[in-house]
Structures are given as C-alpha cells and as structure tokens.
Amino acid sequence: WVRVALVPPAGAEVLDASAGRIPVGGRVRGTVAEDTGTLRFEWRTLGDGPLLMMTLPHHRDVLSEVTPVDLTWTTLKGPAVGVVGDTWVLTQPLTPIGWNAPRPIDPTYEPAVRAALLQDIDATVLAPDPYFGGKELAKLGRLALIADELGEDQVALQLRTRLKSEIEPWLTGTNSQALAYDRTWGGVLVADAIQDPGSAFGQGYYNDHHFHYGYHVYAAAALAKADPAWAEQFGDTVLHLVRDIANPSDRDPHYPRQRHMDWYAGHSWASGLFLFGDARNQESTSEAVNAWYAVSLWGLATEDARIRDLGRLMLATEIRSAQRYWQIPSTSDVYTEPFKSNKVVGVLWGMKVDYSTFFGNAPELIHGIQMLPFTPISEELLDPVWIEEGYPAFSSNLANAGSWANFICMARAIFDRDGAWEMAQTLPSWDNGNTRTNTLHWIATRP
C-alpha cells in the first residue's frame, strides 16, 4: 500500500510513526447497561506500528481509551483530531424519556388541553402515501397518548379504535399502497415504488425510509401500549418496518444492518440509491430522531428491552450529531460565517452543507424541518440556546408561514412558555401531522 497525507505544521513526526499500519475494516458493537450506552469501534488492520485514526467533534464528546496526538485537520464537520488506539469506546447517557414529557401538564393549562383533545378527536387521516399518511397515523397515536395522560380513557379508546382502522390496512396489504418485500435490495416498499422507484420521495430507491416508517412505528407503539393482544397480532409485521430501518444484526437474511445509520458519522443518511455529486445527504434530523424514538417506544410497549435500548442508543448518537452539525448556536466550533449567523444547516451532504431545503428556502422551512414532529423526545433534541438564538430568523415570516407557524410557536415555548401559549390561540392552521392538542400539550409541559 501507499499512504499520502497533507502534512500540518506539526504533523510529520506523528504521520511517520503510524505510516506502517492501516485500517482495512472493523465492526461496531453496542451495549446498554441501565441508562448508559456504549459503542465500541473495533478496527481491523494490517501492518505494524500505532494505528492513527481521526476523530470528529461528536466522537470526542464521549470518547475514551485512545491517546490523542498532535495532528489536526479542518473538515466539513469541524476539526478532525488524531488519536492512536485499536478500539474506540464511546460512552453516552441514554434518554429516560418514554411516553410522556419529563414533567406533567401545568394545572393552569390543563383545562384548555383537555378541551382541545375533545375537539381533535375526529382528526383526519387522508393521505395515501407512506410519508404524509404516516404523519397522520402518528398524529392519532399522539392524541391517544395525551388522552392517556389526561385520564380520558374513553377518548383514548375511541382514538385507538380509529387508529386501528387506519393502520391495519397498511399492515395487511389491503390499502391502495400495499407494502411489499423487495428481494433485490432487501426492504419494504409501497406499491407505487415497486413500479416507479422515484415515487413517494424516492421510496423505491430507499430514500427517507426511516422518516416514513418512523411515523408508522410510532403509531403502532401507541396502540400496543394499551392493547397487548393487538401487538401480538401485528407485532411481526411492525417488526418488518423496524428491521427495514434499524435492523441491528448481520445475521438477518432479509434486511441490511441499520440501513440509514452511519455510526462513524454519528447520524443517518436519508438518501438511498441515488447518485449525487456531493455524496449522501440528510435533511430532517428531527424525523430521524423520531424514527429511533419510535423504535424505543415499540420496545417499551412490547416489553422488549433489546428493541427499546436499540432505539435509545441510536437516539443518543443521532441527537449528539444533530446538535453538532445541524444546530449552530454562537458557541459552535464547527462552522464559520455565514453559517454561524444562519444558525442552522438545512441539508448536510457528504461534501457540503446547504442553508436550504429540498422544498423551499424560507427560514421557517429550513429551521422547521429540523424540529418536526414535536413529541416528548424533542426536549432532548432541541437545544434551548440554539432555539432562542435562531428564533428571530425563523419567525421573521410568521404572517405567511401557514401551518409552519405551529412549529415556530412550539419552538418559542422552549424559552417563552407564556408568550407561546398566547400565540397558540391565534394559529390559523395545523400541519397534517400536528394538532392543536399536541401544540398546547407541548407548551403546557415546558419548564
């Protein structure tokens, strides 16, 4: 082999010492003990001498059992710093958040939340595609969980009855977008994507599967929480969706291991089999977080600790990288101007970052796609300093924001609960995956 390196001012000695040893592969192992998760990167190598590898900022936040060396390069994701060691150990706390926010509904606001729930009991499910349809399924599941918290047992039962009638056609193949197994790439596709891979946001190219099926799994978990018999009946089918996006095993003959998650990068890639000039990409970190939260809730609902902890370990990793590489507070050591002033990355690619989205360039879109959907786990994802610093930018077009004003309002609640509550009373419309109930509940459970 031949190794070539750009030599920093102080790097020649370190590079010379490690020139005889190269990485040729490795494996990632994950373990969980109570509320602590550990990832081990076990590098496979050839040659002699110390193994030199480069760490990114999100690694160094939790990395141990390696020796730092005096070698640094600037990369798209901030300073890459050299370390020596055959095994990396990354130890991170796992979320204790389950079904509900870490604090109850403020009694002052509870009557309004309860009244909104009774109004939202007939929330619509109209979209036939896996993404928007999935959002609407998850919306019903979210309402049922809020009803549980409020002690509205009959309302919760009514919502779950409706949810069953909406989600079961997806799980039994009797809807217009019947799910099917793709033997070529090993995954679950909707009917349209079998004939046209570009349909449903490129579902046939395995684009955005974790966004889509994360919503479905969340809805299924909300059902399984209260109906173990339903979980028993449909559990194997739901696990196909979990395996499509989060399969942890090399020995699963039907699905690749963790289709979207890049453990070294520390986050998911949403793009599938597309060929892009700037490599892979991911837009909505918050919907990736929603997917792993849904996996953890499915494990919680079915009393399967391994699935719960799989979701929690993926959650911790995705959140840490989202806060490093998409959320840009003034303290960020990753990006310079103009991104520091923009406060957010809309799309992160392998070779560039964009202050934009695939569907528009308005600030409320670029910021909002890193926030939705708002659920209890959003509390860990959305850094309060980042939200408050970015608020002037993403609220600048409030009068024309339409349903995106939902998310502006909910973000405001992170640093101004009372102002957000007042603002919520005048919101003109709701995103198809959100409701007035969920908005008020979020505000009413803020510190």
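The values are calculated or read from the model by the stated rules, or taken from the named source; none is laboratory data. This is a predicted model, so every value here is computed, not measured. Virtual Cβ from ideal backbone geometry, glycine too; neighbours counted across all protein chains shown. To get the accessible areas, we keep the full protein, side chains included, count just its heavy atoms, and leave off ligands, DNA and RNA. Shrake-Rupley method; radii C 1.70, N 1.55, O 1.52, S 1.80 Å.
Could you give every pair whose Cβ atoms fall below 8 Å, whose first residue belongs to the stretch 1-24 and is farther than 14 Å from Val84 by Cβ and modelled with pLDDT of 90 or more, and whose second residue is open to solvent by 80 Å² or more (accessible area, probe 1.4 Å) and assigned to a strand (DSSP E or B), counting only separations of at least 6 or pairs across chains?
Close Cβ pairs (under 8 Å, with a partner that is open to solvent by 80 Å² or more (accessible area, probe 1.4 Å) and assigned to a strand (DSSP E or B)) amount to Val24/Arg44; Val24/Leu46.
Out of everything in the stretch 152-184 that is part of a loop (DSSP other than H, G, I, E, B) and either in contact (Cβ under 8 Å) with a residue 12 or more places away in the chain or within 27 Å of the chain's Cα centre (by Cα) (or both), what residue ends up being surrounded by the most Cβ atoms within 10 Å (Cβ to Cβ)?
Gln177
If I go through the stretch 68-79 residue by residue, how many of them are outside any loop (DSSP other than H, G, I, E, B), farther than 25 Å from Gly47 by Cβ and touching a residue at least 24 places away in the same chain (Cβ under 8 Å)?
Qualifying residue count for the region: 2.
Residue check: is Ala362 modelled with pLDDT under 95 and within 30 Å of Leu143 (Cβ to Cβ)?
No: the conditions fail for Ala362.
Looking only at the stretch 404-437, which residues are within 22 Å of Leu365 (Cβ to Cβ), in a helix (DSSP H, G or I) and either in contact with a Pro (Cβ under 8 Å, 6 or more places away or on another chain) or open to solvent by 10 Å² or more (accessible area, probe 1.4 Å) (or both)?
Residues satisfying the conditions are Trp404, Ala405, Arg412, Met423, Arg436.
Are any residues in the stretch 44-67 open to solvent by 60 Å² or more (accessible area, probe 1.4 Å), part of a strand (DSSP E or B) and touching a Lys or Arg at 6+ places or on another chain (Cβ under 9 Å), and if so, which ones?
Within the stretch 44-67, Arg44, Leu46 meet the criteria.
In a strand (DSSP E or B), in contact with a strand residue (DSSP E or B) (Cβ under 9 Å, 6 or more places away or on another chain) and under 30 Å from Gly98 (Cα atoms) - does that describe any residue in the stretch 213-231?
No: zero hits.
Where the second residue is acidic (Asp, Glu) and not in a loop (DSSP other than H, G, I, E, B) and the first is under 20 Å from Gly266 (Cβ atoms) and lies in the stretch 80-106, which pairs have Cβ atoms under 6 Å and are six or more apart or on separate chains?
Short answer, once both residue conditions are applied: Thr87/Glu42; Thr95/Glu380.
Determine, yes or no, whether Leu372 is touching an Asp or Glu at 6+ places or on another chain (Cβ under 8 Å) and either surrounded by fewer than 21 Cβ atoms within 10 Å (Cβ to Cβ) or outside any helix (DSSP H, G or I) (or both).
Considered against the rule, which asks whether it is touching an Asp or Glu at 6+ places or on another chain (Cβ under 8 Å) and either surrounded by fewer than 21 Cβ atoms within 10 Å (Cβ to Cβ) or outside any helix (DSSP H, G or I) (or both), Leu372 comes out as yes.
Filter the stretch 333-352 down to residues that are open to solvent by less than 30 Å² (accessible area, probe 1.4 Å) and either aromatic (Phe, Trp, Tyr) or in contact (Cβ under 8 Å) with a residue 60 or more places away in the chain (or both) and give me whichever is nearest to Asp61 (Cα to Cα).
Only one residue tops the list, namely Val334.
State whether one or more residues within the stretch 399-406 are modelled with pLDDT of 95 or more, of a type outside the set (D, E, K, R) and within 26 Å of Thr95 (Cβ to Cβ).
Checked the stretch 399-406: at least one residue is modelled with pLDDT of 95 or more, of a type outside the set (D, E, K, R) and within 26 Å of Thr95 (Cβ to Cβ).
Only one residue in Asn281, Asn207 is over 30 Å from Ala144 (Cα atoms), among the polar types (S, T, N, Q), at pLDDT 95 or above and surrounded by fewer than 24 Cβ atoms within 10 Å (Cβ to Cβ). Which one? Show your work before the answer.
Details: Asn207 fails: over 30 Å from Ala144 (Cα atoms).
Testing whether each residue is over 30 Å from Ala144 (Cα atoms), among the polar types (S, T, N, Q), at pLDDT 95 or above and surrounded by fewer than 24 Cβ atoms within 10 Å (Cβ to Cβ) leaves just Asn281.
When you scan the stretch 357-379, do you find a residue that is farther than 21 Å from Asn434 by Cβ and aromatic (Phe, Trp, Tyr), even just one?
Filtering the stretch 357-379 for residues farther than 21 Å from Asn434 by Cβ gives 361.
From what is left, the residues that are aromatic (Phe, Trp, Tyr) are none.
No, that holds for no residue.
Can you pull out every residue in the stretch 109-119 that is open to solvent by 30 Å² or more (accessible area, probe 1.4 Å) and touching a residue at least 12 places away in the same chain (Cβ under 8 Å)?
Listed by number, the residues that qualify are Glu110, Ala112, Arg114, Leu118, Gln119.
Name the residues in the stretch 375-403 that are open to solvent by 40 Å² or more (accessible area, probe 1.4 Å), farther than 17 Å from Arg446 by Cβ and in a helix (DSSP H, G or I), would you?
Start the filter on the stretch 375-403 by keeping residues that are open to solvent by 40 Å² or more (accessible area, probe 1.4 Å), which leaves 379-380, 383-385, 388-389, 392, 396-400.
Those still in the list that are farther than 17 Å from Arg446 by Cβ too: 389, 392, 396-400.
Within the stretch 375-403, Glu389, Pro392, Leu398, Ala399, Asn400 qualify.
Of the residues that make up the stretch 439-446, is at least one in a loop (DSSP other than H, G, I, E, B) and without any contact (Cβ under 8 Å) to a residue 24 or more places away in the chain?
no
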